[in-house]
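In what follows, a single structure is set out as structure tokens and then discussed.
Nothing in this text is a laboratory measurement; each read-out follows from the coordinates by a stated rule. In this text the structure is predicted, and so the values were computed from the model without any measurement. Cβ: placed from backbone, ideal geometry, glycine included. Neighbour counts: every protein chain shown.
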């Protein structure tokens, strides 16, 4: 498997953990003290980092740092929107589409090559 595909898959998985670490406690632990939610989130985030760090090291063999960052941000939006809609039951907003279009533009600009 190519380093770019491996990096993308690992970053997608790490973003699932990251999203739950950052926002899952808002639904699951709303009645618990904040420090309990923080400890649980840190535990989840540990798994996120165990996936994200190797993903970035693999990706950096083929991509630039800006490319890695923009890829990660695009993946974050791709993971966050279904999480917000399906898990957190947030309403669908047209702003999600506009944000996605902006992220696609960012991905295009950063990966278009050195000739631009």
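In the chain, the longest principal axis of the Cα atoms and the axis of helix 65-82 are about 40 degrees apart. Between the beta carbons of residue 90 and residue 65, assuming R0 = 41 Å, the FRET efficiency works out to 0.80 to the nearest 0.05. Relative contact order for region 24-116: 28 percent, from Cα pairs under 8 Å spaced at least 6 residues apart, divided by residue count.
For region 81-112 versus region 34-76, the inter-centroid distance based on Cα atoms is 18 Å.
Among 19, 8, the order by Cβ neighbours within 10 angstrom, fewest to most, reads 8, 19.
Extension gain, residue 101-residue 38: 0.36 nm per intervening residue step, less the Cα-Cα distance, totals 19.4 nm. The angle separating the long axis of helix 94-111 from the principal Cα axis of greatest extent in the chain is about 40 degrees. Packing-based ranking of 76-86, 31-41 yields 76-86, 31-41, ordered from highest to lowest mean Cβ neighbour count within 10 Å.
Relative to the longest principal axis of the Cα atoms of the chain, the long axis of helix 34-59 makes an angle of roughly 20 degrees. In the elastic network of the chain, a GNM with C-alpha springs shorter than 10 Å, the most mobile of 72, 52, 62 is 62. When the label point is put 7 Å from the Cα of residue 29 along its Cα-to-beta-carbon vector, which residues of region 85-99 have a backbone N closer than 18 Å? Once the point is set 7 Å along Cα→Cβ of residue 29, 88 turn out to lie under 18 Å by backbone N, inside region 85-99.
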